[in-house]
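The values are calculated or read from the model by the stated rules, or taken from the named source; none is laboratory data. Remember, predicted model here, so these are calculated numbers, not experimental data. Neighbour counts are summed over all protein chains in view; Cβ atoms, including those assigned to glycine, are modelled from backbone coordinates with ideal geometry. Accessible surface is based on the protein model in full, side chains and every heavy atom, while ligands, DNA and RNA are left aside. Shrake-Rupley method; radii C 1.70, N 1.55, O 1.52, S 1.80 Å.
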Number of protein chains: 2
Amino acid sequence: MTLSVGRVDHGDCGKRQSETPDGRPGCMQPTVDGARFRERFEAFNEIGATERGGVDRPSLSPANRETRDCLVEWFRTAGLDVTVDEMGNLFGRRAGADDSLPPVLVGSHVDSQYNGGRYDGVVGVLGALEVVEALDDAGVETERPIEVVAWSNEEGVRFQPDMLGSGVFAGVFDLDYAYAREDRDGNRFGDELERIGYRGDAPCEPRDLHCYLELHVEQGPSLDESDRSIGVVEGVYGFSWVDAAFEGSADHAGPTPMHLRHDALVAASDVVGAVRRIAGTGGDDLVGTVGSIDAHPNSINVIPERVEFTLDFRSYDDDVVDRAVERARREVEWAAEREGVDWEFEEIMRIGANPFADECIEAVERAARSVLGEDDHARLVSGAGHDASYLREICPTGMIFVPSVGGVSHVEEEYTEWADVVRGAAVLLEATLDMANG
Amino acid sequence: MTLSVGRVDHGDCGKRQSETPDGRPGCMQPTVDGARFRERFEAFNEIGATERGGVDRPSLSPANRETRDCLVEWFRTAGLDVTVDEMGNLFGRRAGADDSLPPVLVGSHVDSQYNGGRYDGVVGVLGALEVVEALDDAGVETERPIEVVAWSNEEGVRFQPDMLGSGVFAGVFDLDYAYAREDRDGNRFGDELERIGYRGDAPCEPRDLHCYLELHVEQGPSLDESDRSIGVVEGVYGFSWVDAAFEGSADHAGPTPMHLRHDALVAASDVVGAVRRIAGTGGDDLVGTVGSIDAHPNSINVIPERVEFTLDFRSYDDDVVDRAVERARREVEWAAEREGVDWEFEEIMRIGANPFADECIEAVERAARSVLGEDDHARLVSGAGHDASYLREICPTGMIFVPSVGGVSHVEEEYTEWADVVRGAAVLLEATLDMANG
């Protein structure tokens with residue numbers, strides 16, 4: 001895609017400017033400035049940039065602090081009223097014509113996976129900032145206030161669980177629970193938040209919101225495979241996370257005959273295979289993953305004594321997830337029985353399927369039609385959890401996906417065509433306008 | 001077993017003093033002092049002691065340096081002439097009647113696994129020291145000189161490969177190669193040896209030896225199961241070590257459908273199961289182990305992109321090991337093909353089966369009969385590699401095993417009845433006398 005210098009209107013997204021749903025004059029039609037947006041995106045991603053083209057900005061890291069400083073500056077420059085809450089969630093508020101009305105909240109997150117990608121979360125926060133600037137450029141005042149938000153600790157790679165900032169905001173987790181989360185080195189979330197200077201004063205608790213909208217990369221292959229630019233997200237898969245372990249005997253790999261072994265890794269490998277079988281037969285949309293495995297003592301010539309591993313099952317059908325977890329639990333028992341080892345199996349997280357609000361799904365779909373015409377969007381369900389999964393607990397919520405090339409995400413190679421990012425922001429702008437005035 | 005205070009003669013091992021093979025007068029018969037030996041053993045194992053009753057003294061660690069300081073002091077107190085060679089191997093020499101004759105070398109190692117056991121290596125070095133002190137006590141001069149040795153870096157957990165000190169001494173490895181070995185943090189063996197002050201001046205190279213004898217715990221269950229006190233070791237299993245890896249794609253565990261996955265852990269788990277099958281069908285004495293596995297990025301919600309793992313196959317029949325490695329290589333290829341991932345497979349170490357010298361096996365067996373009578377020893381083959389495996393390249397070599405309770409070793413729970421340790425030292429004394437005078 002060729003970007004014009006300066007302002008990019010809908011024409012650059014391949015759509016006609018006159019197709020706005022409310023028939024406002026084209027000249028005053030707020031439009032996304034693709035060049036400005038990209039300039040910000042590139043500058044932002046210099047922070048914590050990795051050699052292989054990704055970013056390394058885990059939650060509350062020095063690089064994460066830098067991105068926060070940058071956002072606060074940009075929010076202020078855009079005339080937004082900045083608030084930092086007790087969880088370090090950042091809000092930038094643009095007043096509405098009736099500022100007493102509950103705001104439209106728009107955003108995502110900026111923490112990354114370890115050596116993660118440049119798009120995950122970032123397009124949603126910078127896209128929301130672009131939305132309010134486009135409104136400013138066009139001199140548009142909305143009925144309701146609009147708030148841009150960047151949630152803390154969405155990825156959950158340094159501090160678990162993930163989506164911690166939005167989870168506390170939505171009343172799913174207590175603040176004390178969140179503060180007490182520890183990273184691998186025993187650093188507590190609350191202390192680290194204080195250390196980087198982003199433990200704010202504003203209460204982190206549910207408040208009256210008109211709706212929440214989030215633009216995000218799909219992180220799966222569906223849009224890329226079907227050659228659509230925009231995903232209208234109907235909801236998010238439910239999922240279960242399990243911590244499991246086997247404990248056997250750490251004998252010497254040489255003199256210990258096979259019949260006397262109690263090898264925790266053999267048992268764990270049985271379960272890895274079982275998870276693949278369960279995912280293959282447990283339901284159409286069921287996926288199952290063993291993502292993490294740690295063997296002890298992990299030495300070439302010692303039989304593994306203890307192996308800890310994780311399970312991740314997801315489906316849009318909660319019963320399917322429940323049955324998968326139960327099947328996996330039995331497989332763990334059977335593998336332990338076969339190998340003569342002890343077993344542990346603990347479900348550490350269970351989130352039901354999260355359908356979004358019809359009014360938000362429809363607003364996003366109208367916006368997609370308006371920006372892209374009839375045939376460049378698709379309704380879909382998200383396999384990944386998002387901050388929107390928790391926001392939907394307290395207000396009508398919707399999401400917009402843009403394609404992940406090859407379905408790849410959570411790695412440095414994560415990539416979305418810039419034209420698609422701009423289309424996503426344009427749809428977000430339309431949907432936000434719709435909800436802020438509707 | 002009840003230990004008398006002070007001197008323990010063969011009677012304490014349940015055997016008659018008069019059963020010495022050479023008919024020397026009983027009163028002058030050198031005997032192991034079990035109480036002294038135990039006092040040393042306990043004092044020595046206070047160094048690097050762990051809470052769970054083991055020791056943590058990996059190669060060239062501060063605790064390993066402390067054990068070296070302790071040995072040097074004890075060697076000197078015992079009147080031995082101490083030499084440290086370029087690999088940090090420690091020698092303590094007791095002169096012979098004809099000191100120009102090649103010496104009988106007796107010893108083992110004192111480096112440990114990470115959180116390893118108290119017996120592995122230690123009983124062989126302190127047992128050898130007890131042998132020369134028993135000879136001193138009895139005023140016995142041997143025809144040939146006797147040297148006590150503690151080899152560097154036998155375990156191979158910090159610096160690979162294992163048996164590095166004896167390997168260089170036997171001419172299997174170059175000194176430069178050994179010095180360049182790096183630990184996980186990139187510290188080189190040569191630099192660390194220098195740092196702890198044990199890079200000696202004596203050349204580490206093959207020299208003329210009459211024989212090498214080593215007392216060691218069995219590290220397997222055979223003696224414990226058959227209720228024998230002494231193993232007369234006929235040789236050591238050959239083994240192969242392989243570094244293998246799969247490399248697929250690190251996609252998000254939620255939105256990535258099962259049919260698009262290239263999961264390195266699923267492929268690795270197939271191979272763990274295959275190794276168990278190969279060990280079960282590849283030969284009577286064949287054992288196979290995947291001891292180490294590392295997944296990347298090792299995150300609960302990311303499909304494993306890369307999994308590195310190790311293979312260890314052992315048998316006393318070299319053809320059996322070769323066939324097992326070849327079967328495993330094909331299993332790796334097939335697993336990669338099934339999962340659509342890349343594979344790596346590199347044999348990093350191959351040691352053939354090592355039969356010991358008949359003269360040493362027979363000397364050990366005569367000593368066992370002399371000390372224990374007819375029925376308390378068994379001939380066996382070692383599944384674990386030992387310094388003796390390399391020494392046999394340059395001189396007649398033999399080993400004496402004492403039982404590992406439950407066959408357990410390389411862990412803190414490693415345990416040998418003290419009475420068996422004393423019996424082992426008594427057999428070592430007899431065999432050493434036999435070889436030093438024969």
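In this structure the amide hydrogen of A:Val302, modeled in the peptide plane, comes within under 5 Å of the amide hydrogens of A:Ala253, none closer than 5 places in sequence on its chain. Across region B:112-267, the convex hull enclosing all Cα atoms gives 224 Å³ per residue. Can you find, among B:Phe173, B:Ala279, B:Ser229, the residue sitting farthest towards the positive end of the charge dipole of chain B, where Lys and Arg contribute +1 and Asp and Glu -1 at Cβ? Projecting each Cα onto the dipole axis, the largest value belongs to B:Ser229. The mean sequence separation of alpha-carbon pairs under 8 Å and at least six residues apart, normalised by the residue count of region A:258-323, gives a relative contact order of 34 percent.
Close amide-amide hydrogen proximity is noted between B:Ser382 and B:Glu234, B:Gly235, B:Val236, B:Tyr237, each under 5 Å apart and 5 or more residues distant or on a separate chain (H modeled in the peptide plane; Pro and chain starts excluded). Rounded to the nearest 20 debye, the dipole size of chain B about its Cα centre is 500 debye, using +1 on the Cβ of Lys and Arg and -1 on the Cβ of Asp and Glu.
Per DSSP H run of n ≥ 4, the term is -39500 (n - 2.57); total these for chain B, divide by its residue number, and report the mean residue ellipticity at 222 nm rounded to 500 deg cm²/dmol. Let's see the in-between values first.
On the way: 12 runs with 147 residues, N = 438.
The helix contribution divided over chain B gives -10500 deg cm²/dmol.
Scalar couplings 3J(HN,Hα) for region B:154-159, obtained by applying the Karplus form with A = 6.51, B = -1.76, C = 1.60 to θ = phi - 60°, are 6, 6, x, 8, 8, 10 Hz; x denotes Gly and Pro. Once the Cα-Cα distance is subtracted from the 0.36 nm per residue extended length, the B:Asp243 to B:Glu393 segment shows a gain of 51.4 nm. With a 1.4 angstrom probe, the accessible area lost at the B-A interface totals about 4800 Å². When you work out D = kT/(6 pi eta Rh) for region A:35-91 at 20 °C and 1.002 mPa s, using the Kirkwood radius from C-alpha pairs as Rh and the Stokes-Einstein form, the result is 174 µm²/s. Take the Cα of B:Glu326, go 7 Å toward its beta carbon, and the backbone nitrogen atoms of region B:259-302 under 20 Å from that spot belong to B:274-289.
Taking the Cα centre of region A:68-130 as origin and assigning +1 to Lys and Arg Cβ atoms and -1 to Asp and Glu Cβ atoms, the resulting dipole is close to 160 debye. On the principal axes of its alpha-carbon atoms, region B:259-331 has extents of 44, 23, 15 Å, going from largest to smallest.
Ligands, DNA and RNA left out, the 1.4 Å accessible surface of the protein assembly as shown is 42% carbon and sulfur atoms. Each copy carries a label point for A:His259 at 7 Å from Cα along the beta-carbon vector; from one copy to the others these points are 4.7 nm apart, nearest first.
Projecting the Cα atoms of B:Ala425, A:Gly197, A:Trp343 onto the dipole axis of the protein assembly as shown, where Lys and Arg carry +1 and Asp and Glu carry -1 at the beta carbon, places A:Gly197 farthest toward the positive end. Extension gain, A:Asp201-A:Asp136: 0.36 nm per intervening residue step, less the Cα-Cα distance, totals 20.6 nm. Per-residue Karplus couplings for region A:242-251, computed as 6.51 cos²θ - 1.76 cosθ + 1.60 with θ equal to phi - 60°, are listed in order as 10, 9, 10, 7, 10, 9, x, 10, 8, 8 Hz, Gly and Pro entered as x.
Which whole number gives the average, over all residues in B:257-265, of C-beta atoms from other chains lying within 10 Å of the residue C-beta? Kindly include the intermediate steps, with their values, before the conclusion.
Values: counts 10, 8, 2, 6, 4, 0, 6, 0, 11.
Mean shielding by partner chains, rounded to a whole number: 5.
In region B:403-419, burial by the other protein chains removes 10 Å² or more of accessible area from B:Gly407, B:Val408, B:Ser409, B:His410, B:Val411, compared with the chain on its own (1.4 Å probe, ligands and nucleic acids ignored). Only alpha carbons enter this Debye calculation for the protein assembly as shown, each as an equal point scatterer, and the log10 of I(q)/I(0) it gives at q = 0.05, 0.06, 0.08 Å⁻¹ is -0.39, -0.53, -0.77. Applying both filters, DSSP loop and at most 16 other Cβ atoms within 10 Å, to the trypsin sites (Lys or Arg not before Pro) of region B:160-202 gives B:Arg184. Under conditions of 10 °C and 1.306 mPa s, chain B yields 70 µm² s⁻¹ as its translational diffusion coefficient, taking Rh as the Kirkwood radius over Cα pairs in the Stokes-Einstein equation.
Based on every Cα atom in region B:158-237, Rg and the maximum pairwise Cα distance Dmax equal 16.8, 46 Å.
Rounded to the nearest 20 debye, the dipole magnitude of region B:355-410 is 120 debye, with +1 charges on Lys and Arg beta carbons, -1 on Asp and Glu beta carbons, and the Cα centre as origin.
Counting only other chains, what is the mean number of Cβ atoms within 10 angstrom of the Cβ of each residue in peptide B:267-274? Write out the running numbers ahead of the final one.
On the way: counts 1, 4, 13, 4, 1, 10, 5, 1.
Counting other chains' Cβ atoms within 10 Å and averaging over B:267-274 gives 5.
For region A:230-244, heavy-atom accessible area (probe 1.4 Å) falls by no less than 40 Å² from the chain alone to the full protein assembly at A:Trp241. Summarising the label geometry, the points placed 7 Å from Cα in the beta-carbon direction at A:Glu413 and B:Thr83 lie 5.7 nm from one another.
Between A:Arg188 and B:Ala378, the C-beta separation translates, for a Förster distance of 51 Å, into a calculated FRET efficiency of about 0.35.
Considering only protein heavy atoms, what per residue accessible area in square angstrom results for the protein assembly as shown with a 1.4 angstrom probe?
Heavy-atom SASA per residue in the protein assembly as shown reads 35 Å².
In order along region B:343-358, the Karplus-derived 3J(HN,Hα) couplings, from 6.51 cos²θ - 1.76 cosθ + 1.60 at θ = phi - 60°, round to 10, 10, 7, 9, 6, 9, 7, 9, 10, x, 4, 10, x, 7, 6, 4 Hz, and Gly and Pro are given as x.
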